[in-house]
Ligand SMILES: [Zn+2]
């Protein structure tokens, strides 16, 4: 009999290891933060577990990995969903975010971290303002994270006026904050919190700032995380200033490398995709935002080139099942072929693939001995999931975020019976309600919301 910290019982186990199919009546044994067994249920008396969760009515799968997100971006919820992509970004988001104060960032960070855990994400790759506040929320709530400060050297709120003037003072300050954050936080909480440097986008940093970010990332031994070919305006600006595509430009600057996550690639050309493939840079694919904006990137052309790819929510609702559904539906529709992507592949991109592009594939993304114990429990005893045969499609097409009832990260039970262990959600909701009137006023002031 072996003493362990935690035993997780599974009616169905989705190990995502490649060799193992979906298993019935299985279990995951966890000790000291790591998985010691993930497979068929061993004979009674094999374990003496200090804690036991799960049971015959749950499916256990690797925690979802959100490879490109902005946890605090929920402040825009509903305000940028019914307008064109350019308008959402330049007229609303960039102008509104400038008005947000530190206390608001703190409350948004906590709300975002709580929402991620509730939805089944156990790891996020985040890029935005106030990285230290998000890191505090992640450290306390238990969420695993790579976090980057958003670095740029234009006045983002003036891009709506086509003012692309590079202002070195802005860049210096944003870079310094990003480097300070990385120096203070990278590797904390036993490695659960890591840092990246975050050039905001190809067009919002000058060439000199891009090079500086690359050099600092090398010095600090952290990766980069950048929006690329996200909007038509970005592509047009790089074409005008650099006479090439945004990814060709970043390659030529020496920025792209295997430790770089590029998000979006919505308007990337073949030459851009070749630049990503040749440098080994990796790709965060955000299936929920694309259809809402009315376009879809050439996923097939991307993965055919061997570009490492993982799924992410960006700043839309953080429901991993809806994210996978959106990808499967869109890719099948575009291809005119239901065989274009399988549900197992979708789950792979949301777990293994996303872990791989964050450089974490040897630690998380699958359930196997030696891996860190990051897993979620999906309650199957619900009318919309019955009958449950253990198919991948049953999860991808029918499950939803609030079916996730428990979450384990780094071996720690961070949510059980849909109650977060270390987050006062009522307090967060009160704070958001308190801020909402002021946010509304500011949106009205920007002309982004009617009174
Ligand atoms: Zn984004």
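A short reminder: the numbers here are calculations on the coordinates, not readings from a lab. It should be emphasised that the depicted structure is a prediction, and the values quoted were computed from it without experimental measurement. As a convention, Cβ positions derive from the backbone with ideal geometry for all residues, glycine included, and neighbour counts pool all protein chains shown.
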Enter the angle in degrees (range 0 to 90, nearest 10) between the Cα long axis of helix 320-335 and the first principal axis of the Cα atoms of the chain, meaning the one along which they spread out most. 70 degrees
Let me make sure I get this right: for region 79-122, a, b and c are the square roots of the gyration tensor eigenvalues over alpha carbons, sorted descending. Under 1.5 in a/c it's rounded, otherwise prolate if a/b > b/c, else oblate. Which is it? oblate
Give me 325, 184 ranked fewest to most by other Cβ atoms within 10 Å of their Cβ, as a rough exposure proxy. 184, 325
Treat each spin label as a single point 7 Å out from the Cα along the C-beta direction, and report the residue 172 to residue 83 distance in nm. 3.4 nm
For 123, 80, 269, what's the fewest-to-most ordering of other Cβ within 10 Å of each Cβ? 269, 80, 123
If we sort 344-351, 210-217, 281-288 on the protection proxy, mean other Cβ atoms within 10 Å, highest first, what's the order? 281-288, 344-351, 210-217
Once you order the gyration tensor axes a ≥ b ≥ c over the Cα atoms, which shape class does region 275-393 get: rounded for a/c under 1.5, otherwise prolate or oblate by comparing a/b with b/c? oblate
If I model a spin label as a point 7 Å beyond the Cα along the Cα-Cβ vector, how far apart are those points for residue 208 and residue 329 in nm? 4.8 nm
Normalising by the residue count of region 64-357, find the relative contact order in percent from Cα pairs under 8 Å and 6+ residues apart. 18 percent
Sort 76, 321, 121 so that the residue with the fewest other Cβ atoms within 10 Å of its own Cβ comes first and the one with the most comes last. 76, 321, 121
Go through 144-154, 27-37 and give me the packing order, highest mean Cβ count within 10 Å leading. 144-154, 27-37
Residue 40 versus residue 421, label points 7 Å from Cα toward the beta carbon: distance in nm? 3.1 nm
Using only DSSP helix segments of four residues or longer, with each worth -39500 (n - 2.57), what per-residue ellipticity at 222 nm results for the chain after dividing by its residue count and rounding to 500? -10500 deg cm²/dmol
Could you sort 99-105, 55-61, 333-339, 174-180 so that the peptide with the highest average Cβ count within 10 Å comes first and the rest follow in order? 55-61, 174-180, 99-105, 333-339
Quick one, what does Rg over Rh come out to for region 237-321 if you take C-alpha atoms and the Kirkwood Rh? 0.98
Between residue 441 and residue 362, what FRET efficiency comes out of the Förster formula 1/(1 + (r/R0)^6) with R0 = 35 Å and r the beta carbon distance, rounded to 0.05? 0.15
Is the C-alpha gyration tensor of the chain telling us rounded, prolate or oblate? Criteria: a/c under 1.5 is rounded; beyond that, a/b larger than b/c is prolate, otherwise oblate. prolate
